[in-house]
Every structure is written in C-alpha cells, then in structure tokens.
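Please treat every number below as a calculation from the coordinates, not as lab data. All of these numbers come straight from a predicted model, not from anything done at the bench. So basically every Cβ, Gly included, is an ideal-geometry build from the backbone, and we count neighbours across all protein chains shown.
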Amino acid sequence: MVCRLMRRGSLLRASLGLCVLAIGVGPAAAQSPTPGGMPPPPGMSLAQSAAMRFPQPVRVGDLLGRQVLQPVESQNVLGRVRQVVREPDGRLMVIVAFGGLFGWGARPIAVPVDAMVLLGQDMEIVAFTPDELRRFPTFAAAGTHVVPDDTIIRVGLAKPSH
Amino acid sequence: MRSPFRPYTLPDASVLAAHKSLIRSLERRGLIRGGLSLGALVMLTGCDVERPESVESALLAISRFNDRVQAWLFDPNRLAPTYPESMILRPPKFNAYYDVTEVKPVDGTSWRLDVAGLVAEKRAWTLPDLQALPQRSMVIQHICVEGWSYIGGWTGVPLRTFLERCGADLRAKYVSFKTADDYPSSIDMATALHPQTLLALKYGDETLADPFGYPVRLRMATKLGYKNPKWITAIEVTNTYPGGFWESKGFPWFAGL
C-alpha cells in the first residue's frame, strides 16, 4: 500500500513537473540569446561596469520600497530597498533589507549603487551573489548621510534575466 | 482495518458477468491515452526540442489564423486605456534581445529616416523634420509577452500624420520598419493609422534616452511590447508580408492587446 502511494506520489510530481515545463519554456524561448544582469567582467571596477549599463536618472524616493531581485531566471527576491545613503568617502549605497521570510527577520545591508541596476519597477544586485551578500555586515548608520527623497541619482540598467 | 468507504451491502458479483461487453467498451484508459497525446502536442508548442516539421507548420497555421481573427476584431477607433502622468515609471524598463551593455547609441545629428515603398515622397527625414510635425502624448501600458508591464509616457508624431505627410498609400497592407540594432518589424495598416500609434521622440517629456531607442522608436498602445522597434532607421509601406525578428522565430505577427 505504502509502495503504491509512493509510486502515485512520484507520478504526480512528474506530471506536475511536465506542466511547469510546458508553461515555462514558452516565454523562455522568447528571450534573448544574451542573458541580462551579468556580473561585471573580472578585473573591472564597479564604477566602470556601472558606466557600461547606461546609468539613468532616477529619484531616490522612487527607489524606496522596491523589490531587489537576483539576476537569475527565477528572479528570487533578495529583499527591499529601505534607504539610500552616502558614505563618508562619498560612495552612494543602497540599504537593502536583506533576507528573512516575506520581510520578517530581514537585516539591513549596504550595497554600492554601482553593484545594482534598475529593472523596471524593481532593482537587481548584479555584482554580488546571495552567498556574498549573506556575508555583508549589518548596516550601521553612523557616519553616513541619508540621501533625501528628491535627489536624482544615476543607476545602470539591465534586461530581464529570463 | 475495514475501509470506511466499503458499502455494507455488496452487489452480486454476477452483475459483472452479465454486463461484460458493456464494461469492455467503456475504454476509460483509451480516453486517458487520447488526452495524454493531446497534452503532448500542447507541450510541443513551447518546446525548443527537435520536432516534426508537420507539427510546426500546423501550429504556425493556427497562429496565422489567430492573426486574421485579431485583425478582424481590431477596432481602428477604439482607444486602449490611458493613465495619469503621475503613474509614469521613470526611467522606463529596458528590454531587447541583448543586454544593455551591447546597446549602440545612434548619433541624432547624422541620423536619417528613410521612407520607401508605396509612398509619393521617398526622402530621408532628419530629426528636426520630425520634431516640426504635430506631436501627441499618451500615457499607456507597455505589456511584454514575458508577463511584465509598466506604465510609460510617450510623446511623438502620430504614425498616421507621418504617413499622410509622406503621401503613403493608406490602403496598403503593411508598414515595415528597419532599425539600427537589426530588429526588423512590421505592423498592419489599421494599427499604423490608429490614434495611439506614435513615432515616439520623447519619454516623460524628456528626449528619449539611448537605451530606449533615441532618436525615434515606435510606441503602440494596442500591441505587445516586442512589436515596438527602437532606433528606427527606415519605414516602408508595402503589400508584401515583411515579417519581423521574433515573428520569424514563431511569434505571433499581429500580437494585439
């Protein structure tokens, strides 16, 4: 009996998998031969790679609350934009509420704006993997300045990663 | 343990023997088999795997039939929804068949728009020529076949105005486009003459930025995103089916919304 149930379970899983495949391949085939949101080439600085992504003007207030995605086909949600700050050395950092479950248990990390791109209503972190981000220290506000909502900054672009 | 679903009184087993031929003709498994093969055909539509030519041509025939139905349903006077300016996404979402790092900006001063085919005046237009034509603005939704969308604000010359100025044969079937990024595209004349079809020069009241098609791109409120070529360099009015980049890979040509 148990054996039969297990067999049925695996059959169900297999058929579900096929359904997902059937839905998934249509749009995927629509897409480009070149994937979007590739990490910077080795040896290139974040600023140099961001400059290649046609940085566009965007209002800081319009970035707050945006989803931050991983540049992979499944577009995993990494967190949400909480703030944009300027470090004492002048670098612009996006404070991302990173990890957690549906925002619960997320911790703020500071990601250089040049490591991120705009993807329509969302943002992506292209220069760091989730594993690297997990090792980022929790953001400490001391010494940084919050960039006001009406400030226009420039952020690079990417095509969707699917 | 006794099954809770087991009836207390069981039918006489002789009933099976009495209806043996009927039971055999039910062929429930046959039905399941039939359903499965139909399912397999549906799956083939999206697959990139090797497939019989006949299946592909049958599916393309269905797609062309869908195109004709959509063209028949298209109402040249019905407007797509528009939105308040406050909803415009700035900047818009970038998409192409390659990533943004491969965008090759077009020099607006040396750029020319060639017009060919069934037009009275075959000449090359400059950017100031287009800027001098009557302009129209619209805040519309950009809907991508991939499943995402955003609201954008576009300003430019209605394609109808442009075609009229060129003395185009407005009874021709197609308007086709060539672009600087080698992304050929074409639309039906009814859509070309629709009031929400623009040769867009601006986004959100600013000159189009390089990644979004400077100096001129097509924006239509009535078709999917992939029907809107950027960096247009030539327009042709024709009665010969011109196809397009994704259409040649099996995507629907009409792609109406």
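Report, to the nearest 10°, how far helix B:28-46 tilts away from the longest principal axis of the Cα atoms in chain B, using its own Cα long axis and a range of 0 to 90°.
With both axes taken from Cα atoms, the answer is about 20 degrees.
Whole number please: convex hull volume per residue, Cα atoms of the stretch B:104-155, in Å³.
Spelled out: Cα convex hull of the stretch B:104-155, divided by residues, is 161 Å³.
Relative to the longest principal axis of the C-alpha atoms of chain B, give the angle of the C-alpha long axis of helix B:53-73, reported between 0 and 90° and rounded to the nearest 10°.
Taking the Cα atoms of chain B, the angle to B:53-73 is about 60 degrees.
Between their Cα atoms, which of B:93/B:122; B:104/B:227; B:202/B:223 are more than 27 Å away from each other?
Listed pairs above 27 Å: B:93/B:122.
Please pull out the direction-averaged projected area of chain B, using the convex hull of its alpha-carbon atoms, in nm² to one decimal place.
Projected over every direction and averaged, the Cα hull of chain B covers 23.6 nm².
Each residue of the stretch A:51-65 in order: what ³J(HN,Hα) in whole Hz does its phi give by Karplus 6.51 cos²θ - 1.76 cosθ + 1.60, θ = phi - 60°, with x for Gly and Pro?
In residue order, the calculated couplings are 5, 6, 9, 6, x, 10, x, 8, 7, 4, x, 6, 8, 5, x Hz.
Tell me, what is the percent relative contact order of the stretch A:46-157, built from C-alpha pairs under 8 Å that lie six or more residues apart?
In percent, rounded to a whole number, it is 36.
With the cut-off at 1.5 for a/c, could you classify the stretch A:46-157 from its C-alpha gyration tensor as rounded, prolate or oblate?
Taking the square roots of the gyration eigenvalues as a ≥ b ≥ c, the stretch A:46-157 is rounded.
Work out, step by step, the length gained on full extension between residue A:73 and residue A:146: first 0.36 nm times the residue separation, then minus their alpha carbon distance; give nm to one decimal.
The span from residue A:73 to residue A:146 would gain 23.0 nm if fully extended.
Can you divide the C-alpha Rg of the protein assembly as shown by 2.2 N^0.38 Å and report the result to two decimal places?
1.26
Given labels modelled 7 Å from the Cα in the Cβ direction, how far is it in nm from residue A:44 to residue B:75?
4.9
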